[in-house]
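What follows is a single structure, written as structure tokens, with notes after it.
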Amino acid sequence: MTGNAEAAPQAPQDSNPLRGALVKYCVMALVLFCVLRFVSGRSDWYRAWVYVDLMLGAQIVVGVVLRRVNPALLAERSRLQKGTKAWDKWLAPIVALAGPLAMWITAALEARWTWPPKVGLAYSAAALAVCLLGILLTAWAMVSNPFFAATVRIQDERGQVVVDTGPYRLIRHPGYTGALAFTLATPFALGSWYALIPALLTGAVLALRTALEDRTLQAELPGYADYTRRVRDRLLPAVW
């Protein structure tokens, strides 16, 4: 996911992408709360409620910031765009919906039936911090990259070009790095060991999506192959 702020077109003057984004964030938070509350059957699952509040608060802040620095990106991410790669029409929903839903349901079932072993409160607090850092890293990538689309496609109509500023100076897909950190920390934030199973599977799909997107950009986005020679790591610094 690459781009150049000067090359990106601005959102139409009469559009209000922030309103739509805020509605989406609130609906997502409500759905998440309902899943955790009704599957767990508990009102005293305070780790879960802190987790929900953290997600909603962070998303609102990111949406407000994007409205100021790159409103066109909010509009771009609001719906499935033409040109999305066929394979990403399958992978994107797994990473964004099916995987997280499996984690949340598993963690809620564990909370309902109190499966051992227990995750200590200190681990949950540390995991919440990692979740926040993951959100912030993804937000940094979104602010730096006006072409940070929700699905993988080459945005010829928006003049997509390569960017190597912000977190893209260090790693080629920082948004996915943030998402991976958030995904792997979520089970511990919710106090669940068993939710690690769907979290690891989701992380594997995320790594596959990273590899496929990187291959697509190298083949179809001018200048990206040169960028890969300057920035070697795709997802994990000094690892891959």
message = For the range 171-229, which positions are β-branched (Val, Ile, Thr) and part of a helix (DSSP H, G or I)?
response = 177, 183, 186, 197, 202, 205, 210, 216, 228
task = Identify the single condition in (1) more than 22 Å from residue 58 (Cβ to Cβ); (2) in contact with a Lys or Arg (Cβ under 9 Å, 6 or more places away or on another chain) that residue 171 does not satisfy, given that it satisfies every other one.
result = (1)
Condition check for residue 132: of a type outside the set (Asp, Glu), crowded, with 16+ Cβ neighbours inside 10 Å, part of a helix (DSSP H, G or I) and touching a Leu at 6+ places or on another chain (Cβ under 7 Å) = yes
inquiry  = Name the residue that is nearest to residue 195 (Cα to Cα), counting only residues in the range 96-118 that are at pLDDT 90 or above and touching a Gly at 6+ places or on another chain (Cβ under 9 Å).
reply    = 107
query = Which residue, of 149, 139, 126, 96, is over 26 Å from residue 71 (Cα atoms) and among the hydrophobic types (A, V, I, L, M, F, W, C)?
reply = 126
remark   = Filtering the range 135-162 down to residues that are of a type in the set (Lys, Arg) and assigned to a helix (DSSP H, G or I) yields 158
query = Where in the range 6-90 are there helices (runs of 4 or more DSSP H), lying fully within it, with 2 or more residues that are under 30 Å from residue 125 (Cβ atoms) and at pLDDT below 85?
reply = 17-40, 46-69
message = Is it the case, given these coordinates, that residue 186 is under 13 Å from the mean Cα position of the chain (by Cα) and under 24 Å from residue 105 (Cα atoms)?
response = yes
query = Would you say residue 204 is on the phi < 0 side of the Ramachandran plot, within 16 Å of the chain's Cα centre (by Cα) and free of Cβ contacts under 8 Å to residues at least 12 places away in the same chain?
reply = yes
task = Considering each of 61, 65 in turn, give the residue that is more than 30 Å from residue 221 (Cα to Cα), exposed (fewer than 15 other Cβ atoms within 10 Å of the Cβ) and β-branched (Val, Ile, Thr).
result = 61
task = Would you please name the residue that is nearest to residue 212 (Cα to Cα), looking only at residues in the range 81-114 that are basic (Lys, Arg) and exposed (fewer than 15 other Cβ atoms within 10 Å of the Cβ)?
result = 89
remark   = For the range 141-166 the number of residues that are surrounded by fewer than 18 Cβ atoms within 10 Å (Cβ to Cβ) and among the aromatic types (Phe, Trp, Tyr) is 0
key: Residue list for the range 92-111, filter: within 13 Å of the chain's Cα centre (by Cα) and not small (Gly, Ala, Ser)   = 93, 94, 95, 97, 100
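The values are calculated or read from the model by the stated rules, or taken from the named source; none is laboratory data. Nothing here was measured: the structure is a model prediction, and the numbers come from that model. Don't worry about glycine lacking a Cβ; one is built from the backbone with ideal geometry, like all the others, and counts go over all protein chains shown.
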